[in-house]
Amino acid sequence: MLTDHANGRLSLWRRVRAHAVPPSMIETATARREAGDWAGACAAARVDVDLDLRALARRHGRDFAARLRSDLRRLAPDLLRWHLPRIAPDGLLRPGLTVPLVRYDGAAGEGVGAAARGPVSLVVRTHPAWADAGQRLSLALWDPSARDAASRRHPHPSPSRRHRLDLHRHLWDATRSGELPARSTNGAPPADRDAWPEPLRALPPGRRYAVGRWADEAGLVLDAEDLGPAGSVLVRLGGKGRLMLDVARDGGGTWRIAGARRPRQAAAAGLPVLPDAATWVPPDLALLAAGLVEPHELHPLVAAALAPGHPPATAGAPARRAEEPGVVECRGEFHRIAQVDGVLAPLDHGPVELRREALLVALGGPPLPCLRAVDEALRSPQCLPGVRERLAHGDTDGALEIVTTLLGPQAVLREGELLDALAAAVEQRAVHGLFRAGLTLSDRLEGVPRHVLAAPTTPSHRRAVRRRAGEAAHR
């Protein structure tokens, strides 16, 4: 979702917080990070590491490599995933982004004109929508003087000016996550609103703009760009909304808003941009204020910052345990359905009766309601929306846990929506692998539309992908 719209759709943010970064990922990534295994933490958070520290030390020197290694040890990849920008309608990561995490101003790439092209930056990338599988991320170094293969195949390889976290380390640095309350606000007090410039007073209140932080955050941008004690920044308000914010530092060193106006397109082209993370009130703060989540439902580092001293999470009982039978009305009676030897089966029909009924169905007769209920569960169970949502966010383990809890670990799925969803997730991983290997659609999958590759949810789509993939494998 666009961040500004998402703050007004808290129920959608609640779903994102429930599924996008599962507790198992947080637990594993945290344990590995605290043990000093930053690469293992990235693997647990589904972050591919496109870094060669030895090669970087040879190119930029040992001091640079030591600074980079120090930042990697502070990186909490699960916290980073928690705070990355997302899009509507499913709350998936915004595709095709290169988000800078650290800018190493003293480590410009080698070569003539390298300094003019910009500094070296540690970046995290989201993949293009057609190549996404499991919402994986990649961690890399952006060197403007040395374009690597990963940069060349990405649609937007250079660091984003709008979606940047190098000025918001508290959103990914585990040692600075406690700064979140100080960098979060609902805006200036109502008494100060009359003193705002007219364009600020006209902002719709329902969008939850963090106007109270804009002056200080704009000052951070001007300082980072070395633009002096006064200047203008562009504020992106979502869609085509733009605002030029003039800020200045007073004698006491405090940044103040000196003016605001709607900019012309030409005037806004060269302005520094207020980061998206500074434009809006964080959704976690809004969710807590609305009572839609409890602190223990948030990321532990976020909960510790926004609600210190909160009680620990308590494990809730599942809605329906695997051994608890379902109930089906069958021929005027209520019959039970539950797992038998790891497979969902009717309990109130003997094996002889079941074989006879299966034969009747094969000959075209109507199935028993109990058998029909089992068949529907194996094709399109009621848990299918939850399975799809977890697959979309990359929580394959969570999706399979739901399926095995309902159907049993030995269940054999039948043709239907559930099998289509699982097959599509597997096939999309193959497409993602082609992208990571540097193979484009035109190289290996000619004739298959991108929307088919992105979501092959029907049998015909799956057959097309399998056919083209098979042809590619034999070239």
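Remarks
- Amide hydrogen neighbours beyond the local backbone of Leu243, cut-off 5 Å, H modeled: Val235, Leu237
- Taking a sphere under 12 Å around the Cβ of Ala345 and counting the other residues whose Cβ falls inside, with K and R at +1 and D and E at -1, yields a net charge of -2.
- Packing order of peptides 121-128, 242-249, highest average first: 121-128, 242-249 (average count of other Cβ atoms within 10 Å over each peptide's residues).
- Using a Förster distance of 60 Å, the FRET efficiency for Leu359-His296 (Cβ separation, nearest 0.05): 0.70
- Rolled with a 1.4 Å probe across the full set of protein chains, the surface gives Ser70 an accessible area near 40 Å².
- Convex hull per residue volume in Å³, alpha carbons only, for region 382-428: 70
- Spacing of the two label points (7 Å from each Cα toward its C-beta) at Ala289 and Leu347, in nm: 5.0
- Integer Hz, Karplus 6.51/-1.76/1.60 couplings in order for region 358-372, x for Gly and Pro: 5, 5, 4, 5, 4, 8, x, x, x, x, 4, x, 5, 5, 5
- Taking 7 Å steps out from each Cα toward its Cβ at Glu329 and Ala31 produces label points 4.8 nm apart.
- Nearest-0.05 FRET efficiency for Leu439 and Arg336, computed from C-beta distance (R0 45 Å): 0.30
- Peptides 405-415, 284-294 ordered by packing proxy, namely the average of other Cβ atoms within 10 Å per residue, highest first: 284-294, 405-415.
- Note that region 13-100, at 25 °C in a medium of 0.890 mPa s, gets a Stokes-Einstein diffusion coefficient of 171 µm²/s from its Kirkwood radius over C-alpha pairs.
- Its Cα gyration tensor gives region 358-408 an equivalent ellipsoid. The semi-axes, each the square root of 5 times an eigenvalue, are 29, 9, 8 Å from largest down.
- Counting 0.36 nm for each residue step from Asp375 to Arg54 and taking away their Cα separation leaves a gain of 110.0 nm.
- Whole-Hz couplings from phi, Karplus 6.51/-1.76/1.60, listed for region 165-176; x for Gly and Pro: 10, 5, 9, 9, 4, 5, 8, 8, 8, 5, 7, 10
- Cβ-derived FRET efficiency at R0 35 Å, Thr175 paired with Ala258, nearest 0.05: 0.50
- Total formal charge among the other residues, if their Cβ is under 13 angstrom from that of Arg249, Lys/Arg +1 and Asp/Glu -1: -3
- From the C-alpha gyration tensor of region 218-296, square roots of 5λ in Å: 28, 18, 10
The values are calculated or read from the model by the stated rules, or taken from the named source; none is laboratory data. The structure presented is a predicted model; accordingly, all values stated were derived computationally and were not measured. Reconstructed Cβ throughout: ideal geometry from the backbone, glycine too, with neighbour counts over all protein chains shown. Please note that ligands, DNA and RNA were not included when accessible areas were found on the heavy atoms of the full protein model with its side chains. Shrake-Rupley method; radii C 1.70, N 1.55, O 1.52, S 1.80 Å.
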